[in-house]
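Heads up, the thing below is written out as structure tokens.
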């Protein structure tokens, strides 16, 4: 009986945690009967290890942090000398931050949570945080390295003991479109954007 | 006398079910799984060590408030209440000692549940940092709680053996644990295979290129893939083909051991190719459970 009950929980966990989503019926039965004991035991898992779909979301993610407005190369997390599973945990966190920003329920939760630790890590109460994806280069383009793609960028600062998150919104998304705007000089592409050149991203000037 | 075919099928299925779950098994296969699980779990445990206070310290990156807002409301961890450096380090050290004790098989009935609870607690404290290897090791640790893995290849067995006491007989709990491991091997591989089948990259063979582009991939094959698209396609298709063969073999009692040995050899390679070497190792341990299972478990039903 116990074995059958567990097997049912296992099947429902896989179904309910699938990346494809699940029906309301499966979700409800799973959430009410199985999640309360399977989640604490770390058994409520979908096991849908796709490894890659060949999309930017599956590329390696990493953090770049530095004091806001500072020049020079940002600190990369995981650090260059760090490898293996330790580095993989940093990359998973970076991916979770990027994915969370696409989810209205989790938007801002992780970046704000990271803030205190980042202030301590960088030694400043005002930091620039970027999540960068390293996309594989085109297979036929020889001699090129990974292509940088900025998945998320924000400024985190502590003002009167409270953390503020200011998203780095590209200027072209804020500026009004004017008739005949083709003549407007937008300047060079923003570093770090998919169409931008490969190289270290630059901070916008301090506001 | 003739038997009704439907009745016969039901009997056959009932016999197969009984054989799968309720036939006492020796402890040796589970003891091997215990040792290998302990080694991989210790490697994963070690990977937390250097950044432990960076994550969970007083000014850590994973404050409990933000983590609670992110994770499932059912998640709970003993680490939730700990932020002082000494207590966080103490928890981590205690978990390490428990895993060492499990690996060598000392006080196994006590440390096996402690290891499973402690490891799950570590992962629940920051689920966004956990990876596929952690998932598989958590499953393996819980299966070790079910079985009596300390009855062989352990300090627990060595001490009574010195006193001349006989080895414990095969036990039902060992069989249940081995069957759970088998079932999880099937479910995990099938879920991964289904997930991969939904992506174009696994059909057009470009998945191997994306995997090779990761920094953590030990086998640097990008230059070879640049020269030969066929090789790149072949690697991507070989991974899915292996997974299909592995899961099929595990489902057929007569092929189970062969599939297990295939998995022991191939999973670590898949892990290296995918940049998830510890996941490959953990899946290899699951395959070991099928490879070294008692021969009578592999009989054809009926």
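Could you please give the count of residues in the range A:15-58 that are more than 7 Å from chain B (Cβ to nearest Cβ), under 20 Å from residue B:77 (Cβ atoms) and assigned to a loop (DSSP other than H, G, I, E, B)?
2
How many residues does the range B:187-235 contain that are under 27 Å from the mean Cα position of the chain (by Cα), within 7 Å of chain A (Cβ to nearest Cβ) and closer than 22 Å to residue A:147 by Cα?
Of the residues in that region, 10 qualify.
Is it true that residue B:131 is within 15 Å of the chain's Cα centre (by Cα) and closer than 30 Å to residue A:113 by Cα?
yes
Could you list all residues from the range A:127-162 that are free of Cβ contacts under 8 Å to residues at least 60 places away in the same chain and in contact with a helix residue (DSSP H, G or I) (Cβ under 8 Å, 6 or more places away or on another chain)?
A:139, A:140, A:142, A:152, A:154, A:156, A:158
One line per residue, one yes/no per condition, for (1) within 22 Å of residue B:52 (Cα to Cα); (2) within 10 Å of chain B (Cβ to nearest Cβ); (3) surrounded by fewer than 21 Cβ atoms within 10 Å (Cβ to Cβ); (4) out of contact with any strand residue (DSSP E or B) (no Cβ under 7 Å at 6 or more places or on another chain):
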{"site": "A:65", "(1), (2), (3), (4)": "yes, no, yes, no"}
{"site": "A:70", "(1), (2), (3), (4)": "no, no, yes, yes"}
{"site": "A:75", "(1), (2), (3), (4)": "yes, no, yes, no"}
{"site": "A:83", "(1), (2), (3), (4)": "yes, yes, yes, yes"}
{"site": "A:93", "(1), (2), (3), (4)": "yes, yes, no, yes"}
{"site": "A:101", "(1), (2), (3), (4)": "no, no, yes, no"}
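To keep it simple, each residue is scored yes or no on (1) under 22 Å from residue B:63 (Cβ atoms); (2) touching a strand residue (DSSP E or B) at 6+ places or on another chain (Cβ under 7 Å); (3) buried (at least 17 other Cβ atoms within 10 Å of the Cβ).
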| site | (1), (2), (3) |
| --- | --- |
| A:111 | yes, yes, yes |
| A:119 | yes, yes, yes |
| A:135 | no, yes, yes |
| A:145 | no, no, no |
| A:153 | yes, yes, yes |
| A:156 | yes, yes, yes |
| A:159 | yes, no, no |
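Let's see how each residue does on (1) farther than 17 Å from residue A:149 by Cα; (2) in the same structural domain as residue A:155 (by TED's automatic domain parsing); (3) touching a residue at least 12 places away in the same chain (Cβ under 8 Å):
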| site | (1), (2), (3) |
| --- | --- |
| A:13 | yes, no, yes |
| A:24 | yes, no, no |
| A:28 | yes, no, no |
| A:31 | yes, no, yes |
| A:63 | no, yes, yes |
| A:67 | yes, yes, yes |
| A:94 | no, yes, yes |
| A:105 | yes, yes, no |
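Take the residues in the range A:123-145 that are at pLDDT 85 or above and within 15 Å of residue A:60 (Cβ to Cβ); name whichever of them is nearest to the other protein chains (Cβ to nearest Cβ).
Checking each candidate, the answer is A:136.
Yes or no, residue by residue, for (1) at the interface with chain A (Cβ under 9 Å from one of its Cβ atoms); (2) surrounded by fewer than 19 Cβ atoms within 10 Å (Cβ to Cβ); (3) within 25 Å of the chain's Cα centre (by Cα):
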{"position": "B:66", "(1), (2), (3)": "yes, no, no"}
{"position": "B:80", "(1), (2), (3)": "no, yes, no"}
{"position": "B:85", "(1), (2), (3)": "no, yes, no"}
{"position": "B:96", "(1), (2), (3)": "no, yes, yes"}
{"position": "B:99", "(1), (2), (3)": "no, no, yes"}
{"position": "B:102", "(1), (2), (3)": "no, no, yes"}
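Can you tell me which residue among B:214, B:226 is free of Cβ contacts under 8 Å to residues at least 40 places away in the same chain and closer than 30 Å to residue A:78 by Cβ?
B:226
Residue check: is residue B:52 more than 16 Å from residue B:289 (Cβ to Cβ), touching a helix residue (DSSP H, G or I) at 6+ places or on another chain (Cβ under 6 Å), assigned by TED's automatic domain parsing to the domain that holds residue B:118 and surrounded by 14 or more Cβ atoms within 10 Å (Cβ to Cβ)?
Answer is yes for this residue.
Inside the range B:116-133, can you point out the residues that are within 8 Å of chain A (Cβ to nearest Cβ) and more than 16 Å from residue B:91 (Cβ to Cβ)?
B:128, B:130, B:131, B:132, B:133
For the range B:269-276, does any single residue satisfy the condition of being more than 22 Å from residue A:135 (Cα to Cα) and assigned to a helix (DSSP H, G or I)?
yes
Going through B:153, B:211, B:129, B:178 one at a time, which residue ends up being buried (at least 21 other Cβ atoms within 10 Å of the Cβ) and outside the structural domain of residue B:290 (by TED's automatic domain parsing)?
Just a single option satisfies the conditions, and that option is B:129.
Do we find that residue B:109 is under 28 Å from residue B:167 (Cα atoms), more than 11 Å from chain A (Cβ to nearest Cβ) and at pLDDT 95 or above in this structure?
For residue B:109, the condition - under 28 Å from residue B:167 (Cα atoms), more than 11 Å from chain A (Cβ to nearest Cβ) and at pLDDT 95 or above - is met.
The values are calculated or read from the model by the stated rules, or taken from the named source; none is laboratory data. Computed from a predicted structure; not experimentally measured. We place every Cβ from the backbone using ideal geometry, glycine too, and count neighbours over all the protein chains shown.
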